[in-house]
Amino acid sequence: MYTVTLIPGDGIGPEVTKSMVKVVEATGVNIKWEEVKAGQEVIEEYNTPIPTYVIDSIKKNKVAIKGPITTPIGKGFKSVNVTLRQNLDLYVNLRPIKSFKGIKSRYENIDLVIVRENTEDLYAGIEHKIGDYGAESIKLITKPACERICEFAFKYAMDNNRKKVTGVHKANIMKLSDGLFLNTYREVASKYNIEYDDLIVDAAAMNLVLNPQNYDVMVMPNLYGDILSDLCAGLVGGLGIIPGANIGKEYAVFEAVHGSAPQIANQNIANPTAIIQSSVMMLRYLGEYDAAKKIENALEQVFLNGKNLTIDLGGRALTKEFTEEIIKYI
Ligand code: NAI
């Protein structure tokens, strides 16, 4: 039996994580969920959206799955996600972007993976005001962080029979910070027997829209990874689909790419596919390959069948009905 920390989050988080738990349990895998609350609802009591019991639970169980958590824009506490990633040294953000037959989108046969550095860059949170005149955010890029994320990307590509790795940067302008990323990427690449190239981030955005099938594994600093992940989600049917994993040497936290979608919260209409796909990644991380495959096959069948899809995918099913459809196929 595994004990997994479950953070329902806020907004649509509780609805989609509830669906995910039902789907995982339908596979028969034996997981005890240790539920811990974080986000908006605990701020008043603990004066932080991420009380220490959350970190303690993840450190104890080593594996967690979480729903999205709202981050107030331009004020308030530091993002829970950024805090978790930094505190637990979850240096990899792995986001597979794959087309499903049956989901309407402009492209078919997309199968690429974004490997996003998860601990530094402009997300290091080093900011200060310059009086009333301005503000300054530091883009921190270090050699060890570049090395370990690029090593992860190349190793992932080799282990998963991927054909090519692309490093994404803006070293033509940020010659020192992104220059360090690019040089380190090239050093790491030279040790592996796999095709590789590199691309400036703005060109990457255009090429991904024109010819997404040309890309396989893409590795990049934090901010570019954040932006290109949402772009790629749009290529395969939207944010309701795309899963993610935050992985470090000791701990892993699985979560969808999407946020808390407050506009559609508590209506039972959110698409739980992204967190369900995140649970597939979690099951593989735990070594539960059969259970992972069962869920993956069921999702494929549901989309092929095309009935009972959620509103974001052009259907009319509620979260609950869509979940029941997946469980039927499991
Ligand atoms: P969002 O991802 O919550 O929503 C963007 C759009 O996608 C909205 O139209 C929303 O309705 C739709 N959408 C997202 N997930 C969906 C789903 N599962 N099913 C159907 N439609 C879905 O992004 P937004 O609006 O920028 O952020 C809202 C809040 O979430 C913010 O406070 C943000 O900081 C937070 N956030 C949290 C994340 C996390 O906890 N990992 C990640 C991204 C944002």
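Miscellaneous remarks
- Cα-centre dipole for the chain with unit charges at Cβ (Lys and Arg positive, Asp and Glu negative), debye to 20: 500 debye
- Helices of the chain meeting both criteria, an alpha-carbon length of 15 angstrom or more along the long axis and an average Kyte-Doolittle score not below -0.5, with helices taken as full DSSP H segments, are 13-26, 143-159, 177-189, 222-235, 273-286, 289-305.
- Sparse-neighbour loop sites [trypsin sites (Lys or Arg not before Pro); the stretch 82-159; at most 16 other C-beta within 10 Å; DSSP]: K101, K104, R106
- Entries in K101/K249; K22/K62; K101/K170; K37/K328; K170/K191 that, when Cα-Cα distance is taken, lie over 27 Å: K101/K249; K101/K170; K37/K328
- With viscosity 1.306 mPa s and temperature 10 °C, the Kirkwood radius over alpha carbon pairs of the stretch 125-235 converts through Stokes-Einstein to a diffusion coefficient of 106 µm²/s.
- Considering only the chain, percent of DSSP beta bridges that pair antiparallel, nearest 5: 40 percent
- Only Cα pairs under 8 Å and 6+ residues apart enter the sum, and on that basis the relative contact order of the chain stands at 23 percent.
- Normalised by the number of residues in the stretch 73-212, the mean separation of alpha-carbon contacts (under 8 Å, six or more apart) gives a relative contact order of 17 percent.
- Normalised size of the chain, defined as Cα radius of gyration per 2.2 N^0.38 Å with N residues, equals 0.98.
- At most 11 other Cβ within 10 Å, DSSP loop - trypsin sites (Lys or Arg not before Pro), the stretch 257-302: none
- In the stretch 125-235, a dipole from Cβ-located charges (positive for Lys and Arg, negative for Asp and Glu) runs towards its positive end, and of G225, G131, L182 it is L182 whose Cα lies farthest in that direction.
- Total charge dipole magnitude, the stretch 125-235, about the Cα centre, Cβ charges on Lys, Arg, Asp, Glu only, Debye to nearest 20: 300 debye
- Cleavage-rule hits, chymotrypsin sites (Phe, Trp or Tyr not before Pro), the stretch 202-252, DSSP coil, Cβ neighbours within 10 Å at most 13: none
- Accessible area, probe 1.4 Å, largest first, for residues T142, T323: T142, T323
- Close amide H contacts of D198 (hydrogens built in the peptide plane, cut-off under 5 Å, sequence separation of 5 or more or a different chain): G167.
- Expected 222 nm ellipticity per residue - DSSP helices of 4 or more, -39500 (n - 2.57), all of the chain, to 500: -13000 deg cm²/dmol
- Overall form of the stretch 245-304 per C-alpha gyration tensor (a/c, 1.5; a/b vs b/c): oblate
- Over the stretch 255-330, Cα pairs under 8 Å with separation of 6+ residues give a relative contact order of 31 percent.
The values are calculated or read from the model by the stated rules, or taken from the named source; none is laboratory data. Note that the structure is a prediction, hence the values are computed from the model and not measured. Cβ: placed from backbone, ideal geometry, glycine included. Neighbour counts: every protein chain shown. When the accessible area is computed, the model is the full protein with side chains, heavy atoms only, and any ligands, DNA or RNA have been set aside. Shrake-Rupley method; radii C 1.70, N 1.55, O 1.52, S 1.80 Å.
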